[in-house]
Amino acid sequence: MLEIKNITKRYQKGSEAFTALDNVSLRIKKGDFMAVTGASGAGKSTLLNAIGGLIHPDSGEVLFNGKDIYKQKSKVTDEYRKNHIGFMFQQFHLMPYLTVLDNIRLACYEKHQLDSINNYLERCSLAGLKNKYPSELSVGEKQRTAFIRAIISTPAILLADEPTGNLDPVNSSILMVLVEDYHKNGGTVVLVSHDPLVAKYANRNITLEMGKILSS
Ligand SMILES: Nc1ncnc2c1ncn2[C@@H]1O[C@H](COP(=O)(O)OP(=O)(O)OP(=O)(O)O)[C@@H](O)[C@H]1O
Ligand SMILES: [Mg+2]
């Protein structure tokens, strides 16, 4: 489904070039549930962004069903992101001028999803907050809103960057049950987490160190 071939991404840090991803190769099959761990700065978010069509690597390829998402016309890359990827950002990136409900509806294409949204809001203890704006939410509430937005359209691939980083144990396990349900229904998950309990849900684990895959 996804093949990452020898991708390298460098950033300029002052006068030095810094290698955030160093020749990383990886295959992700349909139905995989992969956890990505590694120290802060190891390149986890950079890898997730590259897989999600958001960071163009300096070299290498990200192939989705055999086609390089970065070598296509931009419309094809847009459609890859829109039709196949659900992305939960480490910094959430909720729209500040939209309510919880409208932030989630942004990611929906069909009206009948309202029932499904309400079901997720209920399960994530957000039903009473659906008309609030992000600035009125706690960090954990923003995180759960961002999660629902990522999963609501049942994407083929869910990319989640530290999805439980700000959640208490109860909300963390509620969210992981939802990820598990999505996975059991055929979804493919790539999840970045520092939490060993969260990584246990995965059936594949990789660790990044200084932009390289240590183990897989
Ligand atoms: N836009 C950027 N410009 C310069 N350097 C960057 C940029 N984005 C990331 N980096 C650097 O690349 C390295 C990898 O960053 P990345 O965000 O992928 O780390 P991470 O493993 O997700 O860390 P964390 O666990 O803290 O989220 C870091 O050293 C970071 O400072
Ligand atoms: Mg990160």
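The values are calculated or read from the model by the stated rules, or taken from the named source; none is laboratory data. What you are looking at is a predicted structure, and each value in this text was computed from that prediction instead of being measured. Quick reminder, even Gly has a Cβ in these numbers, built from the backbone with ideal geometry, and neighbours come from all protein chains shown. For the accessible areas, the whole protein counts, side chains as well, though only heavy atoms, and no ligand, DNA or RNA atoms are used. Shrake-Rupley method; radii C 1.70, N 1.55, O 1.52, S 1.80 Å.
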Those trypsin sites (Lys or Arg not before Pro) in the range 33-73 that DSSP places in a loop and that have at most 10 other beta carbons within 10 Å: Lys73
Mean separation of Cα contacts under 8 Å (6+ apart) over length of the range 2-215, as relative contact order %: 32
Check: the range 2-215 dipole with +1 on Lys, Arg Cβ and -1 on Asp, Glu Cβ, in debye: 460
Angle in degrees between helix 113-123 and the longest Cα principal axis of the chain, rounded to the nearest 10: 90
Unit charges at the beta carbon, dipole of the range 2-215: most positive-side option, His194, Asn166, Leu101: Leu101
Per residue convex hull volume, Cα atoms of the range 46-150, in Å³: 120
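Per residue, what volume in Å³ does the convex hull of the Cα atoms of the chain enclose?
Details: hull volume 28.1 nm³, N = 216.
Measuring per residue, one finds 130 Å³ for the Cα hull of the chain.
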By accessible area with a 1.4 Å probe, ligands and nucleic acids excluded, highest first: order of Glu122, Glu162: Glu122, Glu162
Distance histogram for the range 134-197 (every C-alpha pair counted, 10 angstrom bins, percent rounded to whole numbers): 21, 56, 21, 1
Chymotrypsin sites (Phe, Trp or Tyr not before Pro), loop per DSSP, at most 15 other Cβ atoms within 10 Å - longest free stretch of the chain: 110-216
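About its Cα centre, what dipole magnitude does the range 113-185 give when the only charges are +1 on Lys and Arg Cβ and -1 on Asp and Glu Cβ, stated in debye to the nearest 20? All intermediate terms of the calculation are to be shown ahead of the outcome.
Values: 7 positive and 9 negative charges, 32 e Å.
Value, rounded to 20: 160 debye.
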